[in-house]
Amino acid sequence: MNLGENTILITGGSIGTGFEMAKEFLKKNNKVIITGRNEQRLQQVKEKLDGVVAIKRDISSLADIKALYQRVEKDFPDLNILINNAGVMDTINLQVQ
């Protein structure tokens, strides 16, 4: 697998695992696009990671998914890797009461 010279979209790329992946992929000369719901966090990532493209989108919203698709199709037609990293964590008590 070629880990350089790719265009990579990482959903949920502003924190945690997504942020770390974006950082490492940038080191390998990739074009990295991240998405997230929090504009402030996205701007902080842009300041930390030179060259990252940050797009505010909520992938739980159908309208945002469509808008993201249109933006990527228009501005990044060479996209060849998608990492669906965004998610919501719920705490569930599995102990029987």
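Under the combined filter of DSSP loop state and at most 14 neighbouring Cβ atoms within 10 Å, segment 1-72 retains these GluC sites (Glu not before Pro): Glu5. Sorted largest first, the principal axis extents computed over the alpha-carbon atoms of the chain equal 53, 30, 29 Å.
Close amide H partners of Ala54, meaning residues 5 or more places away or on another chain with modelled amide H under 5 Å apart, are Ile34.
The lysine pair count for segment 20-84, using Cα distances under 20 Å and pairs eight or more places apart or on different chains, is 17.
Each reported figure results from applying straightforward, stated rules to the coordinates on display, with no laboratory input. Since this is a predicted model, take the numbers as computed values, not measurements. FYI the Cβ positions are ideal-geometry reconstructions off the backbone, even for glycines, and counts take in every protein chain you see.
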